[in-house]
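**Q** Can you read through this structure? Questions will come right after.
The values are calculated or read from the model by the stated rules, or taken from the named source; none is laboratory data. The shown structure was predicted, so the numbers you read here are calculated from the model rather than taken from an experiment. Every residue, glycine as well, gets a Cβ built from its backbone with ideal geometry; the counts of neighbours run over all protein chains shown. Ligands, DNA and RNA are stripped out before the accessible areas are found, and what is left, the full protein with its side chains, is counted by its heavy atoms. Shrake-Rupley method; radii C 1.70, N 1.55, O 1.52, S 1.80 Å.
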Amino acid sequence: MEHETDVVLVGVGTGGEDLALRLLGAGLDVVGVEPNLIGGECAYWACLPSKLMIRAANLLQEARRVNGVAGTADVTPDWGLLATRVRREVTGGWDDSTAVARFEGRGGRLVRGYGRLAGPRTVAVGDDRFTARRGVVLATGSQPAIPPIPGLADVGYWTTHDVIAAETLPASLVVLGGGTVGCELGQVLARFGAQVTIVEQRDRLLPAEEPEAAGVLAGALSDEGIAVHTGAPVEKVSADDEQIAVTTADGTVLRAERLLVATGRSIDVSGLGLDTVGVDPSAGRVPVDGRCRVADGVWALGDVTGTAMFTHVALHQAGIVADDILGLEPADADERPPPRATFTDPEVAAVGLTEAAARDLGIAFDVVVKQLPATFRGWLHGPGNAGVFKLVVDRDAGVLVGATAVGPEAGETLGMLALAVHARVPLNGLRRMIYAFPSFHGGIGETIGAYARGLVTVLDPDFDPLVP
Ligand SMILES: Cc1cc2nc3c(=O)[nH]c(=O)nc-3n(C[C@H](O)[C@H](O)[C@H](O)COP(=O)(O)OP(=O)(O)OC[C@H]3O[C@@H](n4cnc5c(N)ncnc54)[C@H](O)[C@@H]3O)c2cc1C
């Protein structure tokens, strides 16, 4: 059957739903094509449930930190309670009827199924064809990347979805992948009582971040009993009735009840019909320009574009696409690398260039590193104060071009660092700024002060700021 509309949205997930509501609010006729849950990965399987779980796990750990510091606490984790909260409080039992009602209540037409381009401004869903007067938006997201490790396909591994939906806590878990998601979820399960091992093939956790950040995180995870194996590519996986066995290249065999594959995300464009609008699908993503345009009358946003895979990026792109479709003030997508946060405890937050990236660019730069316990607030904080600041300073321009904060609330401290890096605030201004005392973000001022005094690295974790 043939249909007509203003906009066809292929994928009404995290970014797609946001765009749909913007376009509907502006009075456009929108057809949303979605085979799964309206609202997508972030709402049901990723950011929201994982952050609720992290908050619960952090509460447990903070309670444990009471001992010997402020009293005594005997902590009894209850995974069943958490699983119920995930179901009831964030995911609605993986039921999207509220989101569907919101979308349809504002005039959206929902088509359940997989959509693919069938020529300019046309989308096919089964036997139905939808022609879009304004255009088509592709927002089909990404999937867990499953590495081609011998035996892996046969062992019934978990993906992040299985952790989020788990009704019972496994006694033990090997996490394949020491990136953001593997570290976040591994720590949650460990804090609830699972014996967790993280295996990372590169030489450190969070390989995209500063080595100092990875070092602090690895130390914190080890201190709470998580086994961390880095530089450990996995050669094969096998299973018997009881356990899964993971063998690394050096012959180490790691056994656990469950195996979580957290080795990143992959993009599948094979079924999107890109060739029908003159776009080569072999790029393995949907390439976009500054306005998120793919071809005449076709836009894309979110993970499928292969830009940084974050909800804040998908939502930013949704705004760009909405403005472009609605003919509002033309603004290009912000091409600066977005801020990135890993919500482990300690949190790892970063923006802009790492030291290695600055070196690759060939700019003249300095680096200043200060351990969090060597700042006033970090020192006062006591238990749970593992952390570090690392700033990359463009020497010629006198601005920060990269910054990393690790520690409690580092994801919040990141706000100031992102502003400084993205707005190229002069370092002198940052040095003279008045920071609330004693705040975590005040540590940035202390770090810049150390740099101004010619100290490039303040590494001594036993530093006592009250001793002259
Ligand atoms: C465990 C985990 C935790 C995360 N935590 C964070 C976090 O704290 N902060 C953060 O910024 N990011 C986080 N992310 C990343 C974030 O979830 C994604 O970047 C974001 O959800 C991507 O949004 P999207 O709109 O591109 O895709 P999605 O939300 O995945 O939506 C894509 C939709 O397209 C649909 N679809 C696919 N193919 C078709 C088709 N052919 N036709 C129609 N529909 C189709 C899918 O069913 C899906 O609903 C996390 C990811 C994971 C896995």
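**Q** How big is D, in µm² s⁻¹, for region 164-309 by Stokes-Einstein at 4 °C and 1.567 mPa s if Rh is the Kirkwood radius over C-alpha pairs?
**A** 74
**Q** While we're here: Along the Cα→Cβ direction, 7 angstrom out, place labels at ARG85 and ARG109. What is the inter-label distance in nm?
**A** The answer from the label model is 4.3 nm.
**Q** Please report Rg (one decimal) and Dmax (integer) in Å for the Cα set of the chain.
**A** Taking only Cα atoms of the chain, I get Rg and Dmax of 23.9, 80 Å.
**Q** If you place +1 on the Cβ of every Lys and Arg and -1 on the Cβ of every Asp and Glu, how big does the dipole about the Cα centre of region 132-239 come out, in debye to the nearest 20?
**A** In total the dipole reaches around 520 debye.
**Q** As an exercise, find the ratio Rg/Rh for region 236-380 from alpha-carbon atoms, using the Kirkwood inverse-distance average for Rh.
**A** On the Cα set of region 236-380, Rg over Rh gives 1.10.
**Q** Also, quick follow-up: Kindly report the accessible area of region 222-295 per residue (heavy atoms of protein chains, probe 1.4 Å, no ligands, DNA or RNA), in Å².
**A** Solvent-accessible surface per residue comes out at 51 Å².
**Q** Right, here's the next one. Relative contact order for the chain using alpha-carbon pairs under 8 Å, separation at least 6, rounded to a whole percent?
**A** 14
**Q** Starting from the Cα coordinates of region 289-447, work out the convex hull volume and express it per residue in Å³.
**A** Expressed per residue, the convex hull around the Cα atoms of region 289-447 is 129 Å³.
**Q** Okay, next question. Could you check how much of the accessible area of region 290-424 is carbon and sulfur, as a whole percent, using a 1.4 Å probe?
**A** It is 53 percent, rounded to a whole number.
**Q** Here's a follow-up. Based on the alpha-carbon set only, what is the convex hull volume of region 202-252 divided per residue, in Å³?
**A** 88
**Q** Contour minus end-to-end for VAL425 and ARG202, with contour as 0.36 nm per residue of separation and end-to-end as the Cα-Cα distance?
**A** Additional length available on full extension: 76.8 nm.
**Q** Moving to a separate point now. Using +1 at the Cβ of each Lys and Arg and -1 at the Cβ of each Asp and Glu in the chain, identify which of LEU353, PRO77, ALA232 lies farthest towards the dipole's positive end.
**A** Of LEU353, PRO77, ALA232, it is LEU353.
**Q** Which one, ALA218, VAL369, LEU272, is farthest towards the positive end of the dipole of the chain when Lys and Arg carry +1 and Asp and Glu -1 on their Cβ?
**A** VAL369
**Q** Would you pull out the residues with amide H under 5 Å of PHE365's amide H, same chain only if 5 or more places away, H placed 1.01 Å from N?
**A** Those qualifying (amide H under 5 Å, at least 5 residues apart or on another chain) are ARG395.
**Q** Kindly point out, ordered by number, any Cys in the chain whose beta-carbon has no other cysteine beta-carbon under 4.7 Å away.
**A** So far as the 4.7 Å Cβ criterion goes, CYS183, CYS292 stand without a partner in the chain.
**Q** Is region 1-54 rounded, prolate or oblate when judged by the Cα gyration tensor, a ≥ b ≥ c being the square roots of its eigenvalues, rounded requiring a/c under 1.5 and prolate requiring a/b larger than b/c?
**A** Since a/c reaches 1.5 but b/c is at least a/b, the shape of region 1-54 is classed as oblate.
**Q** Rounded to a whole number, what % of the accessible area of region 1-130 do carbon and sulfur atoms account for, probe 1.4 Å?
**A** Result for region 1-130: 50 percent of the exposed heavy-atom area is carbon or sulfur.
**Q** Using only alpha carbons, build the gyration tensor for region 1-119 and give me the equivalent ellipsoid semi-axes, biggest first, whole Å.
**A** One finds semi-axes of 42, 13, 11 Å for region 1-119.
**Q** Sticking with this one: Please report, as a whole percent, how much of the solvent-accessible surface of region 207-268 comes from carbon and sulfur atoms (probe radius 1.4 Å).
**A** It is 42 percent, rounded to a whole number.
**Q** How large is the accessible surface per residue of region 386-434, computed with a 1.4 Å probe and reported in Å² as a whole number?
**A** Dividing the accessible area of region 386-434 by its residue count gives 41 Å².
**Q** While we're here: Testing the spin-label approximation: label points 7 Å from Cα along Cα→Cβ at ALA239 and ARG359. State their distance in nm.
**A** Once both label points are built, they end up 4.2 nm from each other.
**Q** List, largest first, the extents of the alpha carbons of region 249-313 along their principal axes, each in whole Å.
**A** Principal extents (largest minus smallest coordinate, Cα): 53, 26, 21 Å.
**Q** Calculate how steeply helix 14-25 sits against the longest principal axis of the alpha-carbon atoms of the chain, using the helix alpha-carbon long axis, and give the answer as 0 to 90 degrees to the nearest 10.
**A** 50
**Q** Using a probe radius of 1.4 Å on heavy atoms only, what accessible surface per residue do you get for region 77-173? Whole Å² is fine.
**A** Computed with neighbouring chains in place, this is 49 Å² per residue.
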